[in-house]
Every structure is written in structure tokens, then in C-alpha cells.
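No lab work stands behind these numbers, since they all come straight from the coordinates. Everything quoted here is computed from the prediction, not taken from an experiment. Positions of Cβ are backbone-derived with ideal geometry, glycine not excepted, and every protein chain shown enters the neighbour counts.
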Amino acid sequence: MSKRLQDTAWRALVLLAMGLSLVFLVAPLAVTALLSFDSRTFLGPLPPPSLSFQWYERFFSDPVLLQGLKTSLLLAALVTTVATAAGVAISIVLTSFRFRGRELILSFLLSPLVVPPVVIGFGLLLYLSSIGAVDGFVRLLCGHLILAIPYVVRASVTSLAAVNPIYADAAMSLGASERAAFWTVTLPLARSGIAAGAIFSFAVSMDDVAVSMFLTDSRTYTLPVALVSAMRANFDLTIAAATVVFMAIVAVLMLVIDRTTGITNAFRSTHQR
Amino acid sequence: MVRQDERPIARFALSLPAGAIYFGLFLLPLAVLFIESLRPFEPGFVGGRPDAGFTLENYVGLLSGSFSAALGTTLRIGLLASLASVILALPLAHVCARSSSARLTALLIGLFVLLMFLGVLVRAYALQLTLGAVGPMRPVLLSLGIAPTSRAYIEFVVGAGLLHYILPMSVLTLIGPLRSIHPNLHESAQSLGASAWMAHATITLPLCAPGILTAFLFSFTFSLSAFVIPMILGSGRVNFVSSLVYTRFSEIANYPSGAAISIGLLVLALAIVALLSALARRWTSLRLHV
């Protein structure tokens, strides 16, 4: 086979693979969005004969899902605040000083990312029961904190270390105290990475199922846990409506990040596990 | 950042909150989990009895039956999905890294980031709706002679669920390494007579081998500890190791056995991370010596 023919054949194959990958990634979400407007009360073949908002009405009047959504939002906000404060604080220590074992400490701080979430969830359940912490919300807060904080640490260590010390030095040579130089120069320069870490910890808390399944009680449950039990109980397109609402929230969130920090920058520092 | 510091001790105090979180919510729970895995199981008790001494029977129990079956399923489906993800991610990442159209690149990267932000549950549900046994794919499957309730098809759907999560992650991981390869190298190979795909096979792939290994590492460790995807898509028939831990907890309340499975899964995950990152480091250092 001639070189040119070989190249054409490979090119066609690669293009086909890329096309199929993109269809595979997008089509299920499109199908879900379409079915969430289905006017039928059962799951039938596509396309739906007519459209309606019945599943959205059900979602917004379902007390269990709404209660889950409320808990999830409250929990995620609290987790983001605590994880960001504690994570940024330790990252300041790690980037201000050079000391032996610094790399080792950083690897340890990132290690919850490679521990399977069910192991974290089960371990926390056993430990928290043994010390008598049985309140659902407190247990969920504990679980989500340890899930979220490594993302904050990674993002803020990367962004703080990337700030050139020359700027803080310049501020100090112009008379700023060390503390003032940090708060007015270094921290603002690192803010987009820190913001990315905070957004990630919010997203991690909103999405978690594996850890939360161990830590919920009958009164306190998150939206994903409520959705999972609804999925197990019966096949109901209310969840498709919930999914579309969730997709819309994420899309809006992404637009906001894109406007403030640039999506690729926000992502670069945080996506790696 | 800051060189001379008047009160370094005060600055070190900033690490205390995070230190307390890691100690209380990470190290202690893992230690409690390990101790629990050494307790004998007595039916009727929730958890092992603290006064009953220690035993290795929970670990011996891992050798038989459900654990090895679940481990086999996890490794098989996880390995296939991770390989597929790296292979399919390469051309997509190459387009993102090299395309002359900034708009196309931004669109693709935006799509992959959106997918990552959607999380696991939403996407597992979307796949269940699309590919599941009662979904709109049913007539297509039946006309192709595929039984939508067969174990082989359910395993395929679980693999597809893993792939849907790890493919965007792999693409985003590979963009950086591909961008760092100088395009001149590829052109030189071609001007010396290599065909385009030959130049990719002999220049591009070896140069981004550490990146490929990293993408594979992320994919495989994710698959190994996957919980939601097999739970939603596995229809109760395809069980991963994580599902087993949850069943030991929620259905039969055999905490010591669940703890032993957890420790086994943890050791396996850490071993794979250590092995693959050592390999990636070696690869990088080899390249530097050439």
C-alpha cells in the first residue's frame, strides 16, 4: 500500500473514532434532556410523541428531593468555606518555607484522592460511631471535608508557588510589612487558582455518593443520595428533570468561572487526581 | 514567596486546622478500619466485639467466593475501559493541542470540562436511560440479536459508564504532554520519508509516553474504586469491590469482613499508584539520559 493511501486510511479511521467518541459523550445527555420533556408516563422509544413539563413539576413539588437539594447546598457551602480556609492556610506554610519533607507532606495531603471513597466512608462511619458522633449532618460534613480539602490544597499550592516572590519583595522594599505584602500582593495574584480549588470542592461535595451513602441518616440525606434511592425504587423521569436542572446549574457555574478566571486556567491546576 | 520571617512559629500554626482535619478524619478512621478488620465477626452484633481478641479470619475469607469474583470483574472491566479511554483520548487531545482553530479547541475543552463538572451520578443515570434494558436502545439491541438483560451486555454498559467518566479526564490530561512536543520533530520525520501515521507512531507516542501512563493511571485508579457507576448500571448483577464493601455494611452488617475488603482494596489501589508512577518516573528519566 502506498504511503499516501495508508495515511488516508488511518486518517479516516481516526476521524471515525473521534466522531464516535464525541457522539458517545454527548448523546446520552441529549437523550436525557429530551426524555425529561416526555409527556408519556412510561419509558418508551424515542422520540416522545409530545412534550410536557410534568416531570419538572413533579421534581419541584417532590418534598424528598427538595429536602435533599437543601441539605446538599447547605453542606456544599459549609464544606467549601472550611476546606478552602484550612487548605489555603496549610498551602501558605508549604509554599513560604523550604524544609525537609515538604514534598512528602504534600503527597500525604493529596493522598485521599487515591483512597477509594468507600474506604473513606466506611472508615469514617466506624470511627464516628465509636466516638458517639451520630448526627447525620455532622457526619456528612466530616466526610465531605476530607474529600474536598485535597483539591483545595493542590490548587492553592500550585497557584501560590507560581507567584513570583519579586512582587512581594518589591512591595516590602516600598515599605509594606510582610503581612501586608502577602495580603495585598501574593494572595490576590494566586486568587484564580484558589477560586478554582473552592469551586472544585463545592462540585465534589454536590456530587458525592460513595462516602455519603455510609454517613446519611434517615432524616439527613443529600440530593445525590435521594436520587440514588429514587433510581432504585422505580424508573421515573423526575430524575431526568433533576438531571437537566443540575446540568443547567453547572453550565451557569462554568460561564461564571469562564468570565472570572478563564475555564482552561481554572481547570489546569485542579483536574489531575 | 517570603524570605525573612520574624515569627516562623506563628506561620507554622496555619497548618494546624488542616492537620487536625487530616488526623481526625483520615488517619484515625483508617486506623479504626484496620483494627475492625482484625475483629472476629459474630452474627447479631453490629460490628466486631471489642473484647473478643484479634483474628485473621476476615482476610482468609477474602480468598474465597464473592471477593475474588468482584475483584476479577473490577480489574477486567476497569482495564478494558482504561485502555479504550487512553486510545480514544489521544486523537482528541491531539486536536485540542495542535488545531489551528482556537474556537474548535475552546469548544472541545469546554465540553470536556463541562462533562467533568457534571459528576458521576448524572452521567451514570443518562447512560442507564440511554443504553439500559428498558430504554430507547431496546429495539435496536433486539434487532441486532443482543439480549439487553444478558450479563455480557450489562458488563459492556458498566464499561461504557466508566469510559464516559475517564475519557474526558484522559483527554484533558494528555493535552499538556502533547503540546510540549515540538511540531518540528513530526515534520522532520515526514521530510525524511516517514508517513504521517508512522511519524506519530515513532515520534509522538514515545515522546508523550509518561503522559499516556499518567492518563492510564488516573483512569485505572478511578475504575478500581468506582462505586456509583456499577451500582447504577450494573443492575445488581455486575458487582465491583466497592459494591461489596457497601453490601457488607448495609445488607448483612458484617463490619469486620467489610473492613477487611476495604483494607484489601486500599492496599491494591496504593500498590497500583506506586507501581505506575514509578514506571512513569523511570520513563521520564530514561528520556533525559538519551
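Between 0 and 90 degrees, the angle of helix B:66-98 with respect to the longest Cα principal axis of chain B falls at about 20 degrees. Averaged over peptide A:206-215, the number of partner chain Cβ atoms lying within 10 Å of each residue's Cβ comes to 4.
Ranked by the mean number of other Cβ atoms within 10 Å of their residues, highest first, the peptides A:58-68, B:114-124 come out as B:114-124, A:58-68.
Measuring from centroid to centroid over Cα atoms, what is the spacing of region A:113-181 and region A:18-83 in Å? Each part's Cα centre sits 31 Å from the other's. Pairwise Cα distances in chain B exceed 31 Å in 48 percent of cases.
Scalar couplings 3J(HN,Hα) for region B:192-197, obtained by applying the Karplus form with A = 6.51, B = -1.76, C = 1.60 to θ = phi - 60°, are 8, x, 6, 6, 4, 6 Hz; x denotes Gly and Pro. Whole-Hz Karplus values for region A:153-161 come out as 4, 4, 5, 7, 4, 4, 6, 5, 5 Hz, taken residue by residue from phi with 6.51 cos²θ - 1.76 cosθ + 1.60 and θ = phi - 60°; glycine and proline positions read x. Each stretch of four or more DSSP H residues adds -39500 (n - 2.57); spread over every residue of chain B, this sum gives -23000 deg cm²/dmol at 222 nm.
What the Cα convex hull of region A:28-104 gives, in volume per residue, is 165 Å³.
Remark: mean inter-chain Cβ contacts per residue of A:29-36 equal 5, using a 10 Å Cβ-Cβ cutoff to other protein chain atoms. Above 16 Å, the calculated P(r) of region B:72-143 contains 69 percent of its Cα-Cα pairs. The amide H of A:D38, built 1.01 Å from its N in the peptide plane, has A:S52 as neighbours under 5 Å, considering only residues 5 or more places off or on other chains. Placing +1 on each Lys and Arg Cβ and -1 on each Asp and Glu Cβ, with no other charges, gives region A:70-184 a dipole about its Cα centre of roughly 100 debye. Phi angles of region B:100-107 translate, via the Karplus equation with coefficients 6.51, -1.76, 1.60 and θ = phi - 60°, into HN-Hα couplings of 7, 8, 5, 5, 4, 4, 4, 4 Hz per residue; Gly and Pro are given as x. For the protein assembly as shown, the Kirkwood radius over C-alpha pairs fed into Stokes-Einstein at 10 °C and 1.306 mPa s yields D = 63 µm² per second. Per-residue mean of foreign Cβ neighbours for A:164-171 is 1 (Cβ atoms of other chains, 10 Å radius).
Remark on region B:150-212: hydrodynamic radius 13.8 angstrom, per the Kirkwood mean of 1/r across alpha carbon pairs. Averaging 1/r across all pairs of distinct Cα atoms in region B:169-244 and inverting the result yields a Kirkwood radius of 14.9 Å.
By its C-alpha gyration tensor, with a ≥ b ≥ c as the square roots of the eigenvalues, how is region B:145-290 shaped: rounded for a/c under 1.5, else prolate for a/b larger than b/c, else oblate?
Taking the square roots of the gyration eigenvalues as a ≥ b ≥ c, region B:145-290 is oblate.
Peptides A:75-88, A:27-40, B:157-170, A:159-172, ordered by how many other C-beta atoms sit within 10 Å of their residues on average, highest first, read B:157-170, A:75-88, A:27-40, A:159-172. Counting only the Cα atoms, chain A fills a convex hull of 225 Å³ per residue.
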